[in-house]
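Heads up, the thing below is written out as structure tokens.
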Amino acid sequence: MTKTLEGQINAQDLKLAIVVSRFNSFITDRLLAGACDAFRRHGGDDDDRLTIIKTPGAFELPLTVQAAAKTGNYDAIIALGAIIRGDTPHFDHIAAESIKGLAQVTLATSVPVVYGVLTCDTVEQAINRAGTKSGNKGFEAAVTAMEMASLLKLIK
């Protein structure tokens, strides 16, 4: 019989960190609320199993996530932010560097880092992904983090 490993969506025995950008806080606050809601709904106790770390912006997420991952205190880390296109190429640079940096952290540390950073062309798109028409991507990121942390525990 073939053995199949699949993670569970249950936060009961997990320690998670949420690293969230303060820039565009009118969006990131909603993403954070969604991630915390998912954690609680799936059995998480946020008194001692959930840590929230705030950064100035999305560019600072990779370094901060790396520092958190290196502590060995977390089963998974969720990175939340909102990068909204403006009139300059700044958007492209920040979006590319944040995703590249976070991918490097997860591979270097073997701690699942879930990318919950919105990269949107308009404010309306960001609002839709932070809890209105398109659901809450913070909630979705937390669910993914739980599943990945559970899966890696099964693999070990």
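Answer yes or no: is there a residue in segment 45-62 that is crowded, with 23+ Cβ neighbours inside 10 Å and either out of contact with any Gly (no Cβ under 7 Å at 6 or more places or on another chain) or of a type in the set (Lys, Arg) (or both).
No: zero hits.
May I ask you to list pairs of residues, at least six apart or on different chains, whose Cβ atoms are under 9 Å apart, with the first in segment 118-130 being farther than 19 Å from Cys36 by Cα and the second being basic (Lys, Arg) and in a helix (DSSP H, G or I)?
Pairs found: Cys120/Arg129.
Can you name the residue in segment 1-29 that is over 16 Å from the mean Cα position of the chain (by Cα) and aliphatic (A, V, I, L, M) and is also modelled with the highest pLDDT among such residues?
Leu5
Going residue by residue through segment 87-94, is there one that turns out to be closer than 22 Å to Ala149 by Cα and crowded, with 19+ Cβ neighbours inside 10 Å?
Going residue by residue through segment 87-94, those that are closer than 22 Å to Ala149 by Cα are none.
No; the residues of segment 87-94 include none that is closer than 22 Å to Ala149 by Cα and crowded, with 19+ Cβ neighbours inside 10 Å.
Can you pull out every residue in segment 53-67 that is out of contact with any strand residue (DSSP E or B) (no Cβ under 6 Å at 6 or more places or on another chain) and over 22 Å from Ala149 (Cα atoms)? Don't jump to the end; show me each part of the working.
Applying the first criterion (out of contact with any strand residue (DSSP E or B) (no Cβ under 6 Å at 6 or more places or on another chain)) to segment 53-67 yields 56, 59-60, 62-63, 66-67.
Correct list: Pro56, Phe59, Glu60.
Identify the residue in segment 98-133 that is surrounded by 14 or more Cβ atoms within 10 Å (Cβ to Cβ) and hydroxyl-bearing (Ser, Thr, Tyr) and, among all such residues, is nearest to Leu80 (Cα to Cα).
Residue satisfying both the conditions and the ranking: Tyr115.
For segment 33-43, name all the residues that are closer than 20 Å to Glu124 by Cβ and either buried (at least 16 other Cβ atoms within 10 Å of the Cβ) or among the acidic types (Asp, Glu) (or both). Full working, then the answer.
To start, the set of residues in segment 33-43 that are closer than 20 Å to Glu124 by Cβ comprises 33-34.
Within segment 33-43, just Gly34 meets the criteria.
Given the structure, is Leu50 in contact with a strand residue (DSSP E or B) (Cβ under 7 Å, 6 or more places away or on another chain) and touching a residue at least 24 places away in the same chain (Cβ under 8 Å)? Explain how you work it out, then say what you get.
Working: in contact with a strand residue (DSSP E or B) (Cβ under 7 Å, 6 or more places away or on another chain): yes; touching a residue at least 24 places away in the same chain (Cβ under 8 Å): yes.
Yes.
Name every residue in segment 6-30 that is over 22 Å from Gly44 (Cα atoms) and in contact (Cβ under 8 Å) with a residue 60 or more places away in the chain, in order of residue number.
Taking segment 6-30 as the starting set, the residues that turn out to be over 22 Å from Gly44 (Cα atoms) are 21-27.
Across segment 6-30, the qualifying residues are Ser21, Asn24, Ile27.
Determine whether segment 30-51 contains at least one residue that is among the β-branched types (Val, Ile, Thr), within 19 Å of Phe139 (Cβ to Cβ), outside any helix (DSSP H, G or I) and within 11 Å of the chain's Cα centre (by Cα).
Filtering segment 30-51 down to residues among the β-branched types (Val, Ile, Thr) leaves 51.
Applying the additional criterion that residues be within 19 Å of Phe139 (Cβ to Cβ) yields 51.
Add one more test, that the residue is outside any helix (DSSP H, G or I), and what stays is 51.
Now restrict to residues that are within 11 Å of the chain's Cα centre (by Cα): none.
No, segment 30-51 contains no residue that is among the β-branched types (Val, Ile, Thr), within 19 Å of Phe139 (Cβ to Cβ), outside any helix (DSSP H, G or I) and within 11 Å of the chain's Cα centre (by Cα).
In segment 53-64, how many residues are free of Cβ contacts under 8 Å to residues at least 40 places away in the same chain, closer than 17 Å to Ala142 by Cα and part of a helix (DSSP H, G or I)? Show your work before the answer.
Taking segment 53-64 as the starting set, the residues that turn out to be free of Cβ contacts under 8 Å to residues at least 40 places away in the same chain are 53-57, 59-60, 63.
Of the ones still in play, those that are also closer than 17 Å to Ala142 by Cα are 53-54.
Those still in the list that are part of a helix (DSSP H, G or I) too: none.
Of the residues in segment 53-64, 0 are free of Cβ contacts under 8 Å to residues at least 40 places away in the same chain, closer than 17 Å to Ala142 by Cα and part of a helix (DSSP H, G or I).
Just to verify a result, which residue in segment 69-121, among those that are among the hydroxyl-bearing types (Ser, Thr, Tyr), assigned to a loop (DSSP other than H, G, I, E, B) and over 13 Å from Ala17 (Cβ atoms), is farthest from the chain's Cα centre (by Cα)?
Taking segment 69-121 as the starting set, the residues that turn out to be among the hydroxyl-bearing types (Ser, Thr, Tyr) are 71, 74, 88, 98, 106, 109-110, 115, 119.
Now drop any that are not assigned to a loop (DSSP other than H, G, I, E, B), which leaves 71, 74, 88, 110.
Imposing the further condition that a residue be over 13 Å from Ala17 (Cβ atoms) reduces the set to 88, 110.
Numbers: Thr88: 26, Ser110: 15 Å.
So, considering only residues that are among the hydroxyl-bearing types (Ser, Thr, Tyr), assigned to a loop (DSSP other than H, G, I, E, B) and over 13 Å from Ala17 (Cβ atoms), the one farthest from the chain's Cα centre (by Cα) is Thr88.
Is it the case that Phe39 is of a type in the set (Phe, Trp, Tyr) and farther than 17 Å from Ala145 by Cβ? Break it down into steps so the answer makes sense when it comes.
On the way: of a type in the set (Phe, Trp, Tyr): yes; farther than 17 Å from Ala145 by Cβ: no.
In short, no.
The values are calculated or read from the model by the stated rules, or taken from the named source; none is laboratory data. Nothing here was measured: the structure is a model prediction, and the numbers come from that model. Methodologically, a virtual Cβ is constructed for each residue, glycine included, from the backbone with ideal geometry; neighbour enumeration extends over all protein chains shown.
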